[in-house]
1. Exactly one condition in (1) surrounded by 14 or more Cβ atoms within 10 Å (Cβ to Cβ); (2) more than 33 Å from the chain's Cα centre (by Cα) is not met by Glu54; state its number.
2. Any chance the range 134-157 includes a residue that's under 30 Å from Gly308 (Cβ atoms), of a type in the set (Asp, Glu) and at pLDDT 70 or above?
3. So, of the residues in the range 1-27 that are among the aliphatic types (A, V, I, L, M) and either open to solvent by 30 Å² or more (accessible area, probe 1.4 Å) or in a helix (DSSP H, G or I) (or both), which turns out to be modelled with the highest pLDDT?
4. Hey, among Arg44, Arg60, Arg69, which residue is farther than 17 Å from Thr11 by Cβ, within 32 Å of the chain's Cα centre (by Cα), modelled with pLDDT of 80 or more and surrounded by fewer than 18 Cβ atoms within 10 Å (Cβ to Cβ)?
5. Assigned to a helix (DSSP H, G or I), of a type outside the set (Ser, Thr, Tyr) and touching a residue at least 60 places away in the same chain (Cβ under 8 Å): does that describe Glu30?
6. Give Ala259, Ala247 a once-over and let me know the one that is among the small types (Gly, Ala, Ser) and open to solvent by 30 Å² or more (accessible area, probe 1.4 Å).
Amino acid sequence: MYRRLLEHLSTAILLLDVQLRLRWMNPAAESLMRLSLERMQGMRLDHLEGAIIEVMSKARAAGCSYTQREAVIALPSGEGVTVDVTVTPLPEDELLLEIEPRDRLLRISREEALLAHQTTIKTLTRGLAHEIKNPLGGIRGAAQLLERELIARGLSEYTRVIIQEADRLRDLVDRMLGPNHRIAFATLNIHQVAERVRALLSAEHADIEIRRDYDPSLPELLGDEAQLIQALLNVARNAIQALEESASAQPTLTLRTRARRQFTLGAQRHRLVCEIAVIDNGPGIPQALRDTLFYPMVSGRAKGRGLGLSIAQAAMHQHQGLIECDSVPGHTEFRLLLPVIKQTPSSSSGDAHV
């Protein structure tokens, strides 16, 4: 009963033995560590000891709980996170750790702002597309009528240019709008999506090392495989193009999957979220671009159109997910966060629950 209660807490709970080896942790701790209990059980958590060694010693010496505020701990991935840590000594020199990330509320606020911005962008883009496509249709129609009169004079090539350019602008507007069809939910394995993208990238960019770091504990989920492949491919191609344009030494791209449990996306909390990360060792994203990174027609590359990331974000929104990004020189990480949706036996192809 107690374990079931701990499993539903949003606070990360870890049980360590006398040698700081992990005996058990709840789903919130799995989300924080970005590794499953299956993979971490029995692992010595030396990366925690350095940050909270003092509070551990005090708790053991006094035989009571001690709390350290705003401690910076290193996750198994090497990433640092600011947390409040409470250490409680248990019999047989075991330690119970309660870890509460301090940046969680900040991240939720940032995601809500991102979702609000994307909704605003989508509304503005649709309005702009309507205003552009109406006159484009008139221009194209007039050019077609004019072409009939000019064919006999051998001047139809000029009207053909007008028609082709009108079609190109129409296609550009359609790409700005992103996917406009209803997603086709089907059961899929996210690693098959990642492997399809890896195979495409390996064929296109033989000089880039592409690494895999998959969490085999991830379950199957419901989604539109074609859209997810396109979203992940857009993000990964964007990273590879940045590596190539910057001529990075030993350019490397990593595709990583992790399970996030009891994870909040925007204002909604999900029992399980699938994270697909695209990590590169390129020069990083300029600070001036970070707030507008997912806006259409915004790009940090000389030859970029600024549509790939916007389309990827739109596809993730259709799956109730989103894309986050953190970047410093030498390490840029895009995380595609996708709630694991399960279909009920009685639901139709378009109905599902999280």
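1. Answer for Glu54: the failing condition is (1).
2. No, the conditions are met nowhere in the range 134-157.
3. The selected residue is Leu15.
4. Being farther than 17 Å from Thr11 by Cβ, within 32 Å of the chain's Cα centre (by Cα), modelled with pLDDT of 80 or more and surrounded by fewer than 18 Cβ atoms within 10 Å (Cβ to Cβ) holds for just one of Arg44, Arg60, Arg69, which is Arg44.
5. For Glu30, the condition - assigned to a helix (DSSP H, G or I), of a type outside the set (Ser, Thr, Tyr) and touching a residue at least 60 places away in the same chain (Cβ under 8 Å) - is met.
6. Only one candidate passes the filter, namely Ala247.
The values are calculated or read from the model by the stated rules, or taken from the named source; none is laboratory data. Since the model is a prediction, treat every value here as computed from it, not as a measurement. Neighbour counts are summed over all protein chains in view; Cβ atoms, including those assigned to glycine, are modelled from backbone coordinates with ideal geometry. Heads up: the accessible areas ignore ligands, DNA and RNA and are worked out on the full protein's heavy atoms, side chains in. Shrake-Rupley method; radii C 1.70, N 1.55, O 1.52, S 1.80 Å.
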